[in-house]
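Student: What follows is a structure written as structure tokens; I'll ask about it next.
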Amino acid sequence: MNTPKKQKAGFSWLLKMAWRDGRASWGRILLFMASTILGIGAVVSIQSFSDTLKENIAFQSKELMGADYIIDSDKEPNERVQFLMDSLGGFDAREVSFASMASFSGTDQTRLVRVRGIEGGFPFYGSLETTPENAAQDYQQKGGALMDATLMMQFDIQPGDTINLGEISLPVLGALKKAPGSNSMFGAIAPPVIIPFRFIGPSQLVQLGSRVDYEFYFEDTTADLEVLDETVDPMLDDENADLDTHTSTSSRLGRRYENFGKFLNLVAFIALLLGCVGIASSIHIYIKEKLGAVALLKCLGATRRQTFMIYLLQIAFMGFLGGIIGVGVGLLLQQFFPYFLGDLLPVNLSLSVSVPAVVSGLLLGVIMSVLFALYPLLTTLGVSPLQTLRKQAAGSSLSRKWAWGVFGTIFLSIFLISLWLLDNARYALWFVIGIGVTFAILSGAAHLFMKGIKRYFPKHWNFEARQSLLNLFRPQNQTLILILAIGVGSFLISTLYFTKDMLLAQATLEDQQNNPNIVLLDVQSDQRQGVTKTIEGNEMNVISDIPIVTMRIASIKGRPVNEIRRDTVNEVNRWILSHEFRTTYRDHMVDSEELISGAFVDSADRQGVIPISVSENFVDDANVSLGDSISFNVQGVIMPTVIKSVRRVDWSRMEPNFNILFPAGILENAPQFRVFTTKAGNENVSARFQQQLVRLFPNISVLDLRQLLNVLQDLLGKISWIINFIASFSIITGIIVLFGAIRSTRFQRIRESVLLRTLGARGKQITRIVALEYLYLGALGSLIGILLSLISCWLLAYFAFDTTFVPSWFPFVVLFPGITLLTLIIGWSNSRGVIKSAPLKVLRRE
Amino acid sequence: MAYILKVDHLTKSYRSGSRELTVLNDVSFSIPEGATFAIVGPSGSGKTTLLGLCAGLDIADSGTVTLCGTTLSSLTEDERAILRNEKVGFVFQDFQLLPTLTALENVVVPLELLGVKHAETTGRTLLEKVGLGDRLDHYPNQLSGGEQQRVALARAFANKPAILFADEPTGNLDEATGEKVTDLLFELNKEAGTTLVIVTHDMELARMTDHMIRLKGGKLMKNETAV
């Protein structure tokens, strides 16, 4: 018996056949490809931009800090810190910075600013960018101020005008455009004003309770920064000071931006996934049409592997090409990011091409296309050559085991890609579960819808309405894929809107009588009466007058903080050990607090251990519980306390809240300052009040919450712009998928329409049938998407933000009708040619 | 006498819903090398099923098919495919050309699968032989039915098959075109010395062969020599 030899056609033949077969289907292949291009483009643009930003931050790390390393503390350096600094050769420049109110000659306006008093040649790297340019060099010698450029523009201040800071008045020498160590995000709340260090004392702005930062700059190119980080920093920690090198600071900053990049990457990845669903659906129909050719090739002697490989190569090539175009789109898109983010970026960006981003784009193109085409592709293996003789010969569906294998591979791959994008297995898993649930709900809803129509078919409806409903569950219908595409897109966009609303609602000042919109910080005890009088003189009320006592933790559960610091396996968050707590004392809880365990003690005396109340956050971060002891160093006096109650604090309330709360009767005689809150009826009253206050009490800082809210809104606006931008890729991908899905079933639609026309249906009737079909699909998909996002946002509000969720009307009023209309237009425009032409002409052409 | 195809007690059933339908029932016959052979019978008699089993496109429930000395049931699907590529040619009622390939590309597919060098030259010669030398780059949808079947004939003879199976080769053609295609089929077959097995219900065509068997209800009725 002769056993046939091995097939002789090699890989080049497979390539040739893939090319020959694909050549005739280029239009359709391009359409499949288009559905992944934007997703890949979005991923690549974000990846490349993040990489470039990280590189730029690392490259410009010295310019960002202005020095090789900094020692900083929120109190004046003690002898030990001085000694450590001396042993490092002494600092080369120093700075004292704090928030303060500023007023300007020639205008009545006042503004909270960040005063930076600098001495020495800081910055040693980079420069103070000013207009005029020489102002940066002259300000020390001439004794003037450099003022934030935006603030100067807002207040119409020109060089030569005077700025008043506490007891001093200085000429403004120039507009400060950029300075090492100034953060644009905080700069919007308190814009920087740089003055010579020697004026800090005379300004008399540094008083009890003032939040002052002391920074000592070192220029030492030979220093081993890693050694400093490992040896000197822990010693400084013991003294509540900190050493930051330019490299550690830049990598910390890089990580912060990287996190935002990771989030955006996920949004982009969803666009890619959506495109892949489009691929799966289009390839399914494409391969179905190729099954005859597969059977014939097998009949002529091609093996199962060969026929499988022909189409696999086609799809891999399509994915690769999509990857190339996607990478091109991504690299082009990243050019726009600096415009969106503007001054949120910490460095001047020189954009470059990130090789890893390009490679990952190409790989994503191939992997995702092949992965999502795998299910229909595998069906070619089961095609019998007998189909050449008998069309009905079975054997082209996949066994359940194979099907589960394919789905498993898809989910595993999505998980691995998410893991690569997020760098966190738990988040990646949640993301995959979230995606799975969303897709499952959307497809479940589509199935239910189809089942519902079948079961409760509205027989009394007119012909067009009935026919269009029937189209939704005919064989090879696109109901599922269209509902998925439209649903996921709507879900994404409306979730973004709802979340933005939620964040803003958290920060919005509720217009109630007792909700303050002005907070006065650093009010000294002897200024209490004067401040009260000024408030009342402006027909406003003191809403709260809260005493503040500053203290640090000395020991937790009997262990001194320095011992805890040295313990490498301690579970206490680092900030707890070095933070200067601003605490208060009172005999009651306030509206923003809720007792969650223990009993609130309203008053106590100095006999024995002091019963205190702590916040839930504090319990988590300090790793303590009810009954644990904590000792505080209250400006030199050690106070032993015990946790008697734990409160949940609503930190989102724009009013003073406290981690540590003492009972009445303990701290009344401790050195303290006060925080006042009040409410100004309108902007004029607020401005007049602030002017008076700055004139009478220059050391008091005024936080105008309305102004703060504007800054926050501006910030959220910028961030949401870029999120919307990336999310819009999902919508556009959705449209392409929609377009592709409609094109894929074009032939079937044509046959149906031609049949209807042959039977006497008029063009108008067919138009109505088509329009109604897309109307149902668009409305159902977008509605499910929006409702799904409404539910998830409500859950988010309830469990994560602990707030009442009032959804925005935008998704319902604009998104729902908008997407429905778009679906209708695309569907109708694709079928227009068919409706208009003569039946036979259409059939011949197709 | 050397037989190129031996069919021995062949039985094949299909499931139709809950019912088992026996399409072929204990069929046996042999075809000598180089002969022309017709399988005739009314619609539903099992002709096409028999052809499929003889060509290794399907596997019988019982009985054996020995093609070119190889028992088909002992081969895997891919081994049967390779055997077809090396030894078998096909002509179908509905031409079965790959719609995305040109006439020339369709003809060279079996040769390329065999790894033949200069396949295009052979393909070109074959197409010229069937009178389509000027239609090499035309796609199937640019050719008439008769022309498509001529391309299929060129493809069927491309790999110099030992045996050629033709399933109603004129079934989709008008009478005049059908006659021309039949003449061409026999002419090419004679030239190549290939064993020809035709499945048809066209008695005129069947009578052109050396041998004829008649199927009815899945059973072999008569084994007769052509008139």
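The values are calculated or read from the model by the stated rules, or taken from the named source; none is laboratory data. This one's a predicted model, so the numbers in the text were calculated from it and none came from an experiment. Cβ coordinates were reconstructed from backbone atoms using ideal geometry, including for glycine residues, and neighbour counts include every protein chain displayed. For the accessible areas, the whole protein counts, side chains as well, though only heavy atoms, and no ligand, DNA or RNA atoms are used. Shrake-Rupley method; radii C 1.70, N 1.55, O 1.52, S 1.80 Å.
Student: Taking A:Arg116 as the residue in question, decide whether it is open to solvent by less than 60 Å² (accessible area, probe 1.4 Å), farther than 24 Å from A:Leu577 by Cα and either of a type in the set (Lys, Arg) or not in a strand (DSSP E or B) (or both).
Tutor: When the stated conditions are applied, A:Arg116 passes them.
Student: To continue, here is another question. Report whether or not A:Gln207 is without any contact (Cβ under 8 Å) to a residue 40 or more places away in the chain and out of contact with any Pro (no Cβ under 8 Å at 6 or more places or on another chain).
Tutor: no
Student: Next question, about the same structure. B:Pro140 passes all but one of (1) under 16 Å from the mean Cα position of the chain (by Cα); (2) buried (at least 16 other Cβ atoms within 10 Å of the Cβ); which number fails?
Tutor: Failing condition for B:Pro140: (1).
Student: I'd like the full set of residues that are among the acidic types (Asp, Glu), within 22 Å of B:Glu112 (Cβ to Cβ) and without any contact (Cβ under 8 Å) to a residue 60 or more places away in the chain, limited to region B:59-98.
Tutor: Matches in region B:59-98: B:Glu77, B:Asp78, B:Glu79.
Student: Looking at the structure I just gave you, is B:Glu33 away from chain A (no Cβ under 11 Å), open to solvent by 10 Å² or more (accessible area, probe 1.4 Å) and either farther than 26 Å from B:Glu128 by Cβ or among the small types (Gly, Ala, Ser) (or both)?
Tutor: It is true that B:Glu33 is away from chain A (no Cβ under 11 Å), open to solvent by 10 Å² or more (accessible area, probe 1.4 Å) and either farther than 26 Å from B:Glu128 by Cβ or among the small types (Gly, Ala, Ser) (or both).
Student: When the residues of region A:50-84 are filtered to those that are part of a helix (DSSP H, G or I) and among the β-branched types (Val, Ile, Thr), which remaining residue is surrounded by the most Cβ atoms within 10 Å (Cβ to Cβ)?
Tutor: A:Ile57
Student: Give the residue that is surrounded by the most Cβ atoms within 10 Å (Cβ to Cβ), with candidates limited to residues of region B:61-77 that are facing chain A (nearest Cβ under 10 Å) and in a helix (DSSP H, G or I).
Tutor: Restricting to residues being facing chain A (nearest Cβ under 10 Å) and in a helix (DSSP H, G or I), the top hit is B:Glu77.
Student: If you go through region A:347-374 one residue at a time, how many are polar (S, T, N, Q) and open to solvent by less than 60 Å² (accessible area, probe 1.4 Å)?
Tutor: 4
Student: Working carefully through the options A:Thr550, A:Thr584, A:Thr568, A:Thr532, find the one that is open to solvent by less than 40 Å² (accessible area, probe 1.4 Å) and either modelled with pLDDT under 90 or touching a helix residue (DSSP H, G or I) at 6+ places or on another chain (Cβ under 7 Å) (or both).
Tutor: A:Thr550
Student: May I ask you to list the residues in region B:56-97 that are in contact with a helix residue (DSSP H, G or I) (Cβ under 6 Å, 6 or more places away or on another chain) and on the phi > 0 side of the Ramachandran plot?
Tutor: B:Gly56, B:Cys68, B:Phe95, B:Gln96
Student: In addition: Consider B:Asp94 carefully, then state whether it is open to solvent by 50 Å² or more (accessible area, probe 1.4 Å) and within 14 Å of chain A (Cβ to nearest Cβ). Explain how you work it out, then say what you get.
Tutor: Working: open to solvent by 50 Å² or more (accessible area, probe 1.4 Å): yes; within 14 Å of chain A (Cβ to nearest Cβ): yes.
The answer is yes for B:Asp94.
Student: Here's something else I'd like to know. Tell me, which residue of region B:42-55 that is open to solvent by 30 Å² or more (accessible area, probe 1.4 Å) and either among the charged types (D, E, K, R) or at negative phi (or both) is nearest to the other protein chains (Cβ to nearest Cβ)?
Tutor: In this case the residue turns out to be B:Thr48.
Student: Sticking with this one: Would it be correct to say that B:Asp58 is within 8 Å of chain A (Cβ to nearest Cβ), surrounded by 17 or more Cβ atoms within 10 Å (Cβ to Cβ) and in contact with a Gly (Cβ under 6 Å, 6 or more places away or on another chain)?
Tutor: It is true that B:Asp58 is within 8 Å of chain A (Cβ to nearest Cβ), surrounded by 17 or more Cβ atoms within 10 Å (Cβ to Cβ) and in contact with a Gly (Cβ under 6 Å, 6 or more places away or on another chain).
Student: Within region A:644-665, how many residues turn out to be closer than 21 Å to A:Val619 by Cβ and in a loop (DSSP other than H, G, I, E, B)?
Tutor: 9
Student: Restricting to region A:85-113, name every residue that is open to solvent by less than 50 Å² (accessible area, probe 1.4 Å), assigned to a strand (DSSP E or B) and either touching a helix residue (DSSP H, G or I) at 6+ places or on another chain (Cβ under 6 Å) or more than 27 Å from A:Leu693 (Cβ to Cβ) (or both).
Tutor: A:Ala93, A:Val96, A:Met101, A:Ser103, A:Thr110
Student: Shifting gears a bit: Which one of A:Leu381, A:Leu377, A:Leu416 is within 14 Å of another protein chain (Cβ to nearest Cβ) and of a type outside the set (Ser, Thr, Tyr)?
Tutor: Every option except A:Leu381 fails the conditions.
Student: If you don't mind, there's one more thing I want to ask. For the list (1) assigned to a helix (DSSP H, G or I); (2) assigned by TED's automatic domain parsing to the domain that holds A:Trp809, I need the number of the one condition that A:Trp461 fails.
Tutor: The single condition A:Trp461 does not satisfy is (1).
Student: Let me ask you something else. Say whether the condition of being surrounded by fewer than 21 Cβ atoms within 10 Å (Cβ to Cβ) and closer than 30 Å to A:Gly558 by Cβ is met by at least one residue in region A:655-662.
Tutor: Within region A:655-662, one or more residues are surrounded by fewer than 21 Cβ atoms within 10 Å (Cβ to Cβ) and closer than 30 Å to A:Gly558 by Cβ.
Student: Hey, another quick one. State all residues of region B:172-199 that are closer than 12 Å to B:Leu153 by Cα and in contact with a Lys or Arg (Cβ under 8 Å, 6 or more places away or on another chain); if no residue qualifies, say none.
Tutor: B:Val181, B:Leu184, B:Leu188
Student: Closer than 21 Å to A:Leu421 by Cβ, of a type in the set (Val, Ile, Thr) and assigned to a helix (DSSP H, G or I), is that true of A:Val358?
Tutor: Criteria met by A:Val358.
Student: Further question on the same structure: Checking the condition farther than 29 Å from A:Lys8 by Cα, open to solvent by less than 20 Å² (accessible area, probe 1.4 Å) and assigned to a helix (DSSP H, G or I), which residue from A:Leu273, A:Leu297, A:Leu266 passes?
Tutor: None of the other options fit; the residue is A:Leu273.
Student: Continuing with the same structure: Between residues in region B:132-156 that are within 14 Å of chain A (Cβ to nearest Cβ) and residues that are open to solvent by 30 Å² or more (accessible area, probe 1.4 Å), which pairs lie under 6 Å by C-beta distance while being six or more apart or on different chains?
Tutor: Correct list of pairs: B:Pro140/B:Pro99; B:Pro140/B:Gln148.
Student: Which condition from (1) of a type in the set (Gly, Ala, Ser); (2) in contact (Cβ under 8 Å) with a residue 12 or more places away in the chain; (3) closer than 24 Å to A:Arg94 by Cα is the one that A:Ser282 breaks?
Tutor: (3)
Student: Of the numbered conditions (1) more than 7 Å from chain A (Cβ to nearest Cβ); (2) open to solvent by 20 Å² or more (accessible area, probe 1.4 Å); (3) in a loop (DSSP other than H, G, I, E, B), B:Arg80 satisfies every one except a single condition; which is it?
Tutor: Unmet condition: (3).
Student: List the number of the failed condition for A:Val327; all other conditions in (1) part of a helix (DSSP H, G or I); (2) within 30 Å of B:Gln96 (Cβ to Cβ); (3) touching a residue at least 24 places away in the same chain (Cβ under 8 Å) hold.
Tutor: The number of the failed condition is (2).
Student: Select, from A:Ala93, A:Ala99, the only residue that is of a type in the set (A, V, I, L, M) and closer than 23 Å to A:Ser250 by Cα.
Tutor: From the options A:Ala93, A:Ala99, the qualifying one is A:Ala93.
Student: Return yes or no: is A:Leu243 within 14 Å of chain B (Cβ to nearest Cβ), over 27 Å from A:Ile481 (Cβ atoms) and open to solvent by less than 10 Å² (accessible area, probe 1.4 Å)?
Tutor: no
Student: Something else now. Within region A:666-684, take every residue that is among the β-branched types (Val, Ile, Thr) and outside any loop (DSSP other than H, G, I, E, B) and give me the one that is nearest to A:Val614 (Cα to Cα). Walk me through how you get there before you give the answer.
Tutor: Taking region A:666-684 as the starting set, the residues that turn out to be among the β-branched types (Val, Ile, Thr) are A:666, A:675, A:677-678.
Okay, now just the ones that are also outside any loop (DSSP other than H, G, I, E, B), so A:675, A:677-678.
Working: A:Val675: 20, A:Thr677: 22, A:Thr678: 26 Å.
Step by step, filter region A:666-684, then rank; the result is A:Val675.
Student: Only one of these is surrounded by fewer than 21 Cβ atoms within 10 Å (Cβ to Cβ) and within 14 Å of chain A (Cβ to nearest Cβ): B:Lys87, B:Lys160, B:Lys180, B:Lys129. Name it.
Tutor: B:Lys160
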